[in-house]
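See structure below.
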Amino acid sequence: MSNKTNAIFIFESKSVVLFFIFLTFSLASAQILKRPIPDKLVVLTFDDAPVSHYSIVAPLLKKHDFKATFFVCEFPPNFSDNSKYMNWAQIKKLDKMGFEIGNHTQSHKHVNKLSKENFIQQLQYIEIGNHTQSHKHVNKLSKENFIQQLQYIENKCDSLKIKKPLTFAYPGYDYSLNAITTLQEQSYILARAGGSRAYNPLEDNPFLIPSWATNANNKEEIMAAFQEAKNGKIVVLTIHGVPDIEHPWVNTPAELFKEYLDYLAKNNFKVIALKDLNKYINFKKAAKTIAIDTSKKYKN
């Protein structure tokens with residue numbers, strides 16, 4: 001075989017390989033995406049059930065016809081203090097207003113330290129868009145403890161006729177592989193973490209959806225983050241109290257929050273709840289197709 005013929009053969013072989021790589025990626029994309037991800041797609045999520053979510057946040061969201069997810073828990077030790085946290089009647093009203101209620105565990109437990117049974121209990125207590133019962137960090141929970149935390153929220157929602165939660169947020173952004181398996185077994189479709197980067201549904205497993213967290217001092221970072229909602233990427237925000245009396249280090253001043261909403265509205269962003277991503281993404285297929293990348297940052 002001449003050098004010229006050999007070169008042509010190598011070129012054609014590489015072209016065939018590249019074509020099949022492209023074809024494989026295209027097929028995977030087609031299976032994961034139900035429809036193209038539009039530019040300027042933003043998801044707003046709110047953690048820990050501070051009373052400002054009911055008194056300040058919800059009315060402002062309704063003003064702009066924005067959707068959102070509220071990840072609730074019974075944050076110890078002051079959840080019963082209605083000057084700091086929502087009560088369940090107010091959480092039910094958020095559900096009736098059309099917002100998604102998500103599970104943040106019963107007591108904000110870190111799920112990596114919960115047993116499976118305890119985790120399910122935490123989930124089922126809330127079952128309203130789960131952030132566990134009392135904000136337990138799931139990477140500190142056994143599987144039993146994690147299940148307990150999940151079930152606490154789920155049962156609470158069921159008793160109040162609040163829609164069963166389908167989404168979860170990791171307290172403290174702590175996750176574990178066991179917790180992800182448990183969430184799948186308990187019929188959750190996705191879970192939100194941190195990481196301060198945009199969500200790419202073709203690269204990020206839906207049980208580790210990244211987000212940015214707002215506070216009083218990172219306006220420049222958040223405004224820059226909005227610009228990343230393009231080319232198939234989605235911007236997800238984690239927001240705590242507006243303001244946050246109990247945890248000032250994650251406080252977002254009301255005026256700053258209003259500024260964010262005004263910017264999103266003025267610039268024609270589409271603002272949705274986390275579960276609404278189901279219109280664009282086949283989460284079941286994505287969970288099976290996309291490997292969990294533990295090398296990535298998932299903390300804010």
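Odds and ends about this structure:
- Least to most buried among R197, R192 (fewest other Cβ within 10 Å first): R197, R192
- Order of F70, F99 - criterion: other Cβ atoms within 10 Å of each residue's Cβ, fewest first: F99, F70
- Expressed as a fraction of 2.2 N^0.38 Å, the C-alpha radius of gyration for segment 29-94 is 1.45.
- The Rg/Rh ratio for segment 37-289 is 0.95, where Rg is the radius of gyration of the alpha carbons and Rh is the Kirkwood radius.
- Short-range pairs are left out: with C-alpha atoms under 8 Å and at least six residues apart, the relative contact order of segment 180-293 is 26 percent.
- Share of pairwise Cα-Cα distances greater than 24 Å in segment 133-258 is 37 percent (whole percent).
Every number here is computed from the coordinates shown, using simple stated rules; none is lab data. If you're wondering where the values come from, they're calculated on a predicted model, not measured in any experiment. Note that we place each Cβ from the backbone using ideal geometry, even for glycine, and neighbour counts take in every protein chain shown.
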